[in-house]
Amino acid sequence: MSFLKIQRVSKSFSANVNVLEDFSLQISKGEVFSLIGESGSGKSTLLRIIAGKENRDSGEVILGEVRVQNPKEKLVPGYDEIQLVYQDYKLFPNSTVAENIARPLLEYDKDYRETRLNQLLKLLNLESMKDKLPRELSGGQQQKVAIGRALSLEPSIVLLDEPFSSLDTIQRRELIVELKEIFRELEMTVLFVTHDLDDALQMSDHLVIIQKGKIIQQGEAEGIFMKPKSMYAAKLFSHLN
Ligand code: ADP
Ligand code: MG
């Protein structure tokens, strides 16, 4: 049973240029997919459409039983269910780690807020840093706080838009290993977008390769490695030979 269904979504910003063309993808609950494509291939646009932050020209996005509205339809207020984490996440510089994570919870009662915050600090292994300011943390820890903030509202899907680009390779590897474990524990459905094959493979065996707004291949990494269906897929994997 698919949880996220993207059905024949198309999008263009200008005539004759389709940023996404007839794009379809299905993800089951608790699955983690890595979506890889070069810069300009439509990755961010896709995530923004899934999150209901960008109008699509045609097609549908369905999460569980609910159709994601275009922003212009304005029928459903915000989508706490769907959390999008960008590469240039912004933490509040003068707020502590705990305050940053709990920020989306301000409208909830204090008991719930504290319980949820403590769960997240534990889950993210940030308990010892809860009173620190963002600038006192490493880049990887700051990104973990941003992801904690996204998780605070108990979303049912997390969309990660190249969130590790500003981190060095070692920090990136460590963070991905840690996040993978956290997502597994939460049985979170995740779509992780990147242009880096190593990052994609670290996060998930299930790869979706896109080029110019179209899926050119998807499946388990090993299958794609053995039988790439395009030059682009073959090239992506060539350095692993
Ligand atoms: P990626 O995230 O894979 O780098 P994007 O989804 O950001 O790709 O962009 C895909 C294409 O759509 C690019 O050619 C980009 O210039 C264009 N594009 C994205 N957003 C807009 C916008 N708001 N207005 C016009 N063109 C856009
Ligand atoms: Mg992008």
Check your understanding: Taking the Cα centre of region 120-200 as the origin and placing charges on Cβ (Lys, Arg +1; Asp, Glu -1), which of Ile176, Pro134, Pro155 is farthest toward the positive end of the dipole?
Key -> Pro134
Check your understanding: Which residues' amide hydrogens lie under 5 Å from the amide hydrogen of Glu54, considering only partners 5 or more residues apart or on another chain, with H built in the peptide plane?
Key -> Ile49
Study note, to complete from the structure: At the level of C-alpha centres, the distance separating region 31-73 and region 1-23, in angstrom, is 8
**Study point:** Per-residue Cβ neighbour rank within 10 angstrom, fewest leading, Lys90, Lys29
**Key:** Lys90, Lys29
Review point. What ³J(HN,Hα) values, in whole Hz, does the Karplus curve 6.51 cos²θ - 1.76 cosθ + 1.60 give for region 39-49 when θ = phi - 60°, with x put for Gly and Pro?
Key: 4, x, 7, x, 4, 5, 4, 4, 5, 5, 5
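Charges at C-beta only: +1 for Lys and Arg, -1 for Asp and Glu. How large is the resulting dipole of region 169-241 about its Cα centre, in Debye rounded to 20?
With Lys and Arg at +1 and Asp and Glu at -1, about 540 debye.
Of the beta bridges DSSP finds with both residues in region 90-241, what % are antiparallel, to the nearest 5? Don't skip to the end; give the middle numbers.
On the way: 6 of 11 bridges.
Percent antiparallel among DSSP bridges in region 90-241 is about 55.
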Revision key, fill the gap. Along the dipole axis of region 1-131 (charges at Cβ: +1 for Lys and Arg, -1 for Asp and Glu; origin at the Cα centre), the most positive-end residue among Ile50, Val9, Thr96 is Val9
**Study point:** Relative contact order (%) - region 25-114, alpha-carbon pairs under 8 angstrom, separation at least six
**Key:** 16
**Study point:** Values of log10 I(q)/I(0), in the order q = 0.10, 0.21 Å⁻¹, for region 122-241 under a Debye, Cα-only, solvent-free model
**Key:** -0.36, -1.23
Point to revise | Per-bin percent of Cα-Cα distances, the chain [5 Å] | key: 1, 6, 13, 17, 19, 17, 13, 8, 4, 1, 0
Check your understanding: Given H placed 1.01 Å from N in the peptide plane, which residues other than close sequence neighbours of Ile210 have an amide H under 5 Å from its amide H?
Key -> Ile36, Gly37, Ile216
Check your understanding: What is the magnitude of the charge dipole of region 9-138 about its Cα centre, with +1 placed on the Cβ of each Lys and Arg, -1 on the Cβ of each Asp and Glu, and no other charges, expressed in debye to the nearest 20?
Key -> 240
Point to revise | Listed residue (Gln69, Gln143, Gly59) projecting farthest to the positive dipole end of region 54-169, Cβ model | key: Gln143
Check your understanding: Normalised by the number of residues in the chain, what is the relative contact order in percent for Cα pairs under 8 Å and 6+ residues apart?
Key -> 26
Check your understanding: Magnitude of the Cβ-charge dipole of the chain, K/R +1 and D/E -1, about the Cα centre, nearest 20 debye?
Key -> 540
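Relative contact order for region 108-192: what percent, with Cα pairs under 8 Å and sequence separation of 6 or more?
Working: 48 pairs, mean separation 27.0, N = 85.
Relative contact order of region 108-192: 32 percent.
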**Study point:** Cα-based helix-to-principal-axis angle, 139-151 vs the chain, degrees rounded to 10
**Key:** 90
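No lab work stands behind these numbers, since they all come straight from the coordinates. This one's a predicted model, so the numbers in the text were calculated from it and none came from an experiment. Cβ: placed from backbone, ideal geometry, glycine included. Neighbour counts: every protein chain shown.
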